[in-house]
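**Q** Just passing along the structure, written as structure tokens.
Read-outs: derived from the displayed coordinates by stated rules, not from any lab. Note that this is a predicted model, so its numbers are computed, not measured. Here the Cβ positions follow ideal geometry from the backbone for every residue, glycine too, while neighbour counts run over all protein chains shown.
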């Protein structure tokens, strides 16, 4: 079991009125403290940016994960979003809820590096030997 959440994560969240939004997060965990970066497409048609960038700060205790996402630059209707979730036993998924004042929704993050590693191992196993 990988307790450390460091790595690349593919995620989705459900935003009322918009639907599913995809994002990519890169997390670094040190002693339970989480730092990271997020990129996601802008889902607001009036947004002057095609892609949003944000930073993550938070912590993990056992399977419980909490972090705050801060958009840079702030604006476009949101600045900080609070996330609370739980990891699965293998620490390859984080499932939970995000919240803003007056609204909230669900999110799911899946560790991308684990998937890529598994696919590479599978491809090697299928490759013909010489």
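**Q** Taking R0 as 22 Å, what FRET efficiency do you get between residue 103 and residue 6 from their Cβ-Cβ distance, rounded to the nearest 0.05?
**A** For R0 = 22 Å, the calculated efficiency reads 0.15.
**Q** Gain in length, residue 42 to residue 110, computed as 0.36 nm per residue apart minus the alpha-carbon separation, to one decimal in nm? If you can, show how the numbers build up before the last one.
**A** Numbers: separation 68, 0.36 × 68 = 24.48 nm, distance 2.08 nm.
Taking 0.36 nm per residue and subtracting the Cα distance, the gain is 22.4 nm.
**Q** Also, quick follow-up: Once you sort the root eigenvalues of the Cα gyration tensor of segment 7-126 as a ≥ b ≥ c, which label holds: rounded (a/c under 1.5), prolate (a/b larger than b/c) or oblate (the other case)?
**A** It comes out prolate by the Cα gyration axes.
**Q** Relative to the present Cα-Cα distance, how much length would full extension add between residue 28 and residue 70 at 0.36 nm per residue of separation? Don't skip to the answer; put the middle values down first.
**A** Values: separation 42, 0.36 × 42 = 15.12 nm, distance 1.60 nm.
Extra length available between residue 28 and residue 70 comes to 13.5 nm.
**Q** Within segment 31-67, find all residues whose amide N lies under 19 Å from a label point positioned 7 Å from the Cα of residue 95 along Cα-to-beta-carbon.
**A** 61-67
**Q** Could you order the peptides 63-69, 83-89 from most to least packed, using the average number of other C-beta atoms within 10 Å per residue?
**A** Values: 63-69: 18.1, 83-89: 16.0.
Ranking, from highest mean packing down: 63-69, 83-89.
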